[in-house]
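Notes follow the structure.
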Amino acid sequence: MREIFFLTILYFFVSTLYSQSNVEFVLNPETKLFDHDTLSFGLTYDTKKGKIKKRGHYFKKLFRSKKFYFSVKGAEIGSDKSGNFWRAILVTNKKLLEKNNNQIVVSYHHPKNKKIKKTDTISFLEIDDIKLIVSPTFTFGDTSKFDFKLTLKNGEEYNYNSNRFLFMLDRHDIDFSLENLSIENGLISAPNCSYDGLKKTYGKIIFYLDKKRIEQKINFNFNLNRRFILKGGAEYKTKSRHFYWTKRRDIDASDLQLSIAYVCDTLGHIKIKNQYFDKAFFFKPNSSHLYFDISGGDGEDGCNGGKGANGCPSHPRGERGENGENGKHGGDGGNCTINIDERIAYFIKDIEIINKGGKGGSGGSGGKGGLDYIEGKRRAFDILFPARGPRGDDGYDGHNGNRGELYINTILLDHKE
C-alpha cells in the first residue's frame, strides 16, 4: 500500500515537472520587419494538463508583464496605462535599434516554471537597393503617380505605390536628391515644355543609403501614343470640403487648337489647348500617334409620359396618358484649328481628329391612359383586357449635332514661344 502511495506521489511530481517545460515566442507572420513600427506578438505555453495556452496582442489575449518576466533589448514595449499588460513591441526608437546591431532580443520565462527561460532574436533586414517605376510614356510636362521597389540584402523584393514613398524613406533614414524632376504629394513631375534647349532629355533621382549612393536615370519618352478625349457633355469631378460631385460640361464640344512647331527633323513640339485642357509636349513626329476626340456630346433621352388618372363614377372614362418628353439634341462637334510648321509637316506620321456631332436623344414613350371606371365587380375579361383612356403621344427624337470644322494653317513656329 505504501509503495502504491509513493509511486503516485512520484508520478505526480514527475508529470508536474515535465508538463510545464515549453514556452514559445510567436511573431505575427504578416509583419514585415522593415515596414512596421509596431510588432504584434504572443506567447504560448503548456499547462499541467497538457493544454497549450496562448497570450499576447497577436492572440488578442493580453497578459501580465510580471508573469513571464518578459524583457526586450533594441526596442520598447507598449503597455496599457497601468503598465500591467504588454501590448506590442514598438520599433519607433531608431537609435535604440542601431545600438543593438539592428536586432531585437526578447527574453521570457514559463509563467509556471521559472527554470524554463528562453531568448529569441529578431533581426531587421537592411535595404540594399531602391528603384522608382515610372510610366514608360512619361515625358516633358507630365505629372503622374509612380511605384517603387525595395530590395533587401537577402534578395527579397517589395513593391509599393507612391503614397508610401516619403514615409518609407523617412523610416529608414534614406535621403534623396532630384535633377530635372520634382516629387510632391505622391506625384512625380517632369519640367514643362518651356524647358530651353532640351539639353537633358531625362531626369535623375539619387538615393543616399548609408554610405551607398544609388543613381537612377529616368528617360523622357517622345513617342507619344495618346488619346485625348475632349468630347462635349463629359462629366468631371469637383471637390468641395469633404465630398465630391459631378458636373456636366457643355453638350457642344469646345473648339480645339493645336500648334505644332519644328525643333529638329526628329523632334517636334505640340501645344494642345481648349476651354478645359491646356498641355504641351515634345514628340517624335515620325513615330507618334495622336488621337483627339472633340465630338459633340450625346443628347439625353426624353422622360416617359406619366399614366393618366383612372375613371370615377362622375367621369367613367380614364384620362389620356401624358405625352413623352422630346429627346435632347446632340451637341455640335468642336472646330479644330491646326497651326503647323511647314518644316515638320512632312515628318508627321499620324494625327487623328474626330469631331462629329453627338447623337440625339430618344423621345420618351407616351404614358398609358387611365383605367375606365366599371361599376360592380370586374369580370375576368375586364382584368385581362382592361378598357382605358388613350395613350399619350411619344416624344420626338432629338436631332444629331453638327460636325465641327477643320482648319489647317502651315506657318513658321518657334517651339519656345
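A few points about this structure:
- If you check ILE411, ILE353, ILE340, ILE374 for being closer than 23 Å to ASP255 by Cβ and at pLDDT below 85, only one passes: ILE411.
- Qualifying positions in segment 168-180 - out of contact with any Lys or Arg (no Cβ under 8 Å at 6 or more places or on another chain) and either over 14 Å from LYS94 (Cβ atoms) or of a type in the set (S, T, N, Q) (or both): ASP175, PHE176, SER177
- Among residues of segment 356-371 that are closer than 19 Å to GLY392 by Cα and at pLDDT below 90, those with a beta-carbon under 6 Å from a residue that is assigned to a loop (DSSP other than H, G, I, E, B) and hydrophobic (A, V, I, L, M, F, W, C) at least six positions away or on a different chain give the pairs GLY364/CYS303; GLY370/ALA309.
- Search result, residues across segment 119-141 that are in contact with a Lys or Arg (Cβ under 9 Å, 6 or more places away or on another chain) and either at pLDDT below 85 or over 17 Å from ASN180 (Cβ atoms) (or both): LEU125, GLU126, ILE127, ASP128, ASP129, ILE130, LYS131, ILE133, THR137, GLY141
- Test for PHE176: is it over 22 Å from ILE272 (Cα atoms), surrounded by 16 or more Cβ atoms within 10 Å (Cβ to Cβ) and of a type in the set (Phe, Trp, Tyr): yes
The values are calculated or read from the model by the stated rules, or taken from the named source; none is laboratory data. Small disclaimer: the values here were computed from a predicted structure and weren't measured. Neighbour counts run over all protein chains shown; Cβ positions are idealised from the backbone, glycine included.
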